[in-house]
Amino acid sequence: MLNAIKRLNIYQKEMYPILPRLALGYIVAAEIYFIILLNHGITSFSLGIQEIIAGFTVFSFLFWLRIADDFKDYELDCRLFAARPLPSGRVHKKDLAVFVSLLIAFTLVINYLYMPNFIFCLILYTYGSLMAVWFFQKHKIAKSLPLALVTHNPVQILMNIYIISFTVIKYNVRPVDLMNVLACFTLYFPALIWEVSRKIRAPQEETEYVTYSKLFGYKQSVDFVFIVTWIDIITNFILVWNLNKLSVLVLFILVLWMSFKFLEYKKDPLKYRIVTKVERYTYLQESTMILTVVLYLIFGKIL
């Protein structure tokens with residue numbers, strides 16, 4: 001038992017650091033939660049155990065996906081990433097299987113007991129379960145990176161819907177309107193941009209690992225994330241326009257910087273990994289969204 005805990009500690013340190021990822025879970029949940037409420041004119045909040053469970057559920061679900069991906073990619077990781085905890089043997093499959101089973105069970109139980117949107121939690125975990133088994137089409141999906149993206153990436157939308165459904169049920173907000181739809185996509189696009197960007201490499205860096213740049217060319221792949229980045233930022237403009245127009249200006253400056261980095265990378269793909277710039281941009285973008293909420297709560301509408 002003690003040895004299993006030590007091995008799990010190795011895994012979380014290298015693959016899914018608990019404290020930063022737990023903080024991320026609450027940031028994701030809080031951003032959607034407050035953006036919806038503030039855009040519907042609700043400034044009186046009733047915070048309690050349900051909000052704690054919502055943020056924990058995001059953390060728990062992403063932890064499960066991390067472990068599921070390691071199981072799915074085990075054979076490939078043994079060849080290309082042999083130093084990682086699971087393929088190196090420093091962590092056992094049984095350790096992760098027992099841990100993630102307990103984690104899922106705990107998350108579902110607390111959602112059933114305390115959350116008004118348990119059905120949406122169940123939908124989220126059902127979709128995650130199908131992802132874990134390649135939707136029973138591994139022979140097709142595992143060999144096609146675009147097909148894997150189309151089938152797996154929408155899980156971010158379902159996670160957003162989980163938070164949105166809780167918020168609108170608790171505060172009796174109209175479930176479907178423009179702001180709620182935009183909030184549904186506000187963290188989907190960054191996830192899509194990151195997922196594609198992390199699989200873009202210079203031609204000289206390509207290996208047997210399948211990347212979008214290997215399939216479509218690095219310039220075409222960068223063009224795709226460039227377009228999605230601008231679509232994403234427009235949704236952010238709309239969401240914060242009635243809260244803080246200075247935030248719109250900050251977001252505009254950030255997207256201009258990111259656009260420059262895309263163009264710079266297309267000229268010299270060996271200068272840096274584009275995903276490093278995307279991650280920095282995403283952190284600054286999401287920090288701006290969170291800061292917008294905080295400033296609105298303290299000072300009200302700005303400009």
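Limited to the range 179-199, what total is found for residues that are assigned to a helix (DSSP H, G or I) and either among the β-branched types (Val, Ile, Thr) or free of Cβ contacts under 8 Å to residues at least 60 places away in the same chain (or both)? Give the steps one after another, and end with the answer.
Looking only at the range 179-199, we keep the residues that are assigned to a helix (DSSP H, G or I), and these are 179-186, 188-197.
Narrowing further to those that are either among the β-branched types (Val, Ile, Thr) or free of Cβ contacts under 8 Å to residues at least 60 places away in the same chain (or both): 181-182, 184-186, 188-189, 191-193, 195-196.
Summing the residues that are assigned to a helix (DSSP H, G or I) and either among the β-branched types (Val, Ile, Thr) or free of Cβ contacts under 8 Å to residues at least 60 places away in the same chain (or both) in the range 179-199 gives 12.
What number of residues within the range 44-58 satisfy the criterion of being assigned to a loop (DSSP other than H, G, I, E, B) and open to solvent by less than 40 Å² (accessible area, probe 1.4 Å)? Before the answer, list the steps.
Quick first cut of the range 44-58, residues assigned to a loop (DSSP other than H, G, I, E, B) only: 44-48.
This time we only want the ones that are open to solvent by less than 40 Å² (accessible area, probe 1.4 Å), so: 48.
The number of residues fulfilling the criteria is 1.
Which of the residues belonging to the range 1-34 are hydroxyl-bearing (Ser, Thr, Tyr), surrounded by fewer than 20 Cβ atoms within 10 Å (Cβ to Cβ) and in a helix (DSSP H, G or I)? Give the derivation first.
Keep residues of the range 1-34 that are hydroxyl-bearing (Ser, Thr, Tyr), which gives 11, 16, 26, 33.
Now drop any that are not surrounded by fewer than 20 Cβ atoms within 10 Å (Cβ to Cβ), which leaves 16, 26.
Tyr26 - this is the single residue of the range 1-34 that is hydroxyl-bearing (Ser, Thr, Tyr), surrounded by fewer than 20 Cβ atoms within 10 Å (Cβ to Cβ) and in a helix (DSSP H, G or I).
Considering only the range 200-303, give the helices (runs of 4 or more DSSP H) lying wholly within it that have at least 1 residues that are at pLDDT below 90 and farther than 19 Å from Met179 by Cα.
On the way: elements: 212-216, 218-241, 245-267, 274-299.
Here the list reads 274-299.
Check whether at least one residue in the range 141-153 is within 23 Å of Leu182 (Cβ to Cβ), under 18 Å from the mean Cα position of the chain (by Cα) and buried (at least 19 other Cβ atoms within 10 Å of the Cβ), and report yes or no. Even if it seems obvious, please write down each step before you answer.
Within the range 141-153, the first condition is being within 23 Å of Leu182 (Cβ to Cβ), and the residues that meet it are 149-150, 152-153.
Those still in the list that are under 18 Å from the mean Cα position of the chain (by Cα) too: 149-150, 152-153.
Okay, now just the ones that are also buried (at least 19 other Cβ atoms within 10 Å of the Cβ), so 152.
Yes, some residue in the range 141-153 is within 23 Å of Leu182 (Cβ to Cβ), under 18 Å from the mean Cα position of the chain (by Cα) and buried (at least 19 other Cβ atoms within 10 Å of the Cβ).
Just to check your reading of the model, which residue among Tyr212, Tyr188, Tyr218 is over 21 Å from the mean Cα position of the chain (by Cα) and under 16 Å from Val278 (Cβ atoms)?
Details: Tyr212 fails: over 21 Å from the mean Cα position of the chain (by Cα); Tyr188 fails: over 21 Å from the mean Cα position of the chain (by Cα).
Being over 21 Å from the mean Cα position of the chain (by Cα) and under 16 Å from Val278 (Cβ atoms) holds for just one of Tyr212, Tyr188, Tyr218, which is Tyr218.
How many residues does the range 70-113 contain that are among the hydroxyl-bearing types (Ser, Thr, Tyr) and surrounded by 15 or more Cβ atoms within 10 Å (Cβ to Cβ)? Break it down stepwise before answering.
Going through the range 70-113, the residues among the hydroxyl-bearing types (Ser, Thr, Tyr) turn out to be 74, 88, 101, 107, 112.
Still in the running and surrounded by 15 or more Cβ atoms within 10 Å (Cβ to Cβ): 107.
The qualifying residues number 1.
Collect the residues in the range 234-270 that are surrounded by 13 or more Cβ atoms within 10 Å (Cβ to Cβ) and of a type in the set (Lys, Arg), keeping them in residue-number order.
Lys245, Lys261, Lys266
May I ask you to verify whether Tyr162 is more than 21 Å from Lys72 (Cα to Cα) and open to solvent by less than 10 Å² (accessible area, probe 1.4 Å)? Break it down stepwise before answering.
Numbers: more than 21 Å from Lys72 (Cα to Cα): yes; open to solvent by less than 10 Å² (accessible area, probe 1.4 Å): yes.
Against the criterion (more than 21 Å from Lys72 (Cα to Cα) and open to solvent by less than 10 Å² (accessible area, probe 1.4 Å)), Tyr162 qualifies.
Say whether the condition of being more than 22 Å from Leu147 (Cβ to Cβ) and in contact with a Phe, Trp or Tyr (Cβ under 8 Å, 6 or more places away or on another chain) is met by at least one residue in the range 203-219.
Start the filter on the range 203-219 by keeping residues that are more than 22 Å from Leu147 (Cβ to Cβ), which leaves 203-205, 219.
Filter again for in contact with a Phe, Trp or Tyr (Cβ under 8 Å, 6 or more places away or on another chain), leaving 203.
Yes.
The values are calculated or read from the model by the stated rules, or taken from the named source; none is laboratory data. Only a predicted model underlies this, so the values are computations on that prediction, with no experimental measurement involved. When we count neighbours, we look across all protein chains shown, and the Cβ atoms used for this are built from the backbone with ideal geometry, even at glycine. Ligands, DNA and RNA are excluded from the accessible area calculation, which covers all protein heavy atoms including side chains. Shrake-Rupley method; radii C 1.70, N 1.55, O 1.52, S 1.80 Å.
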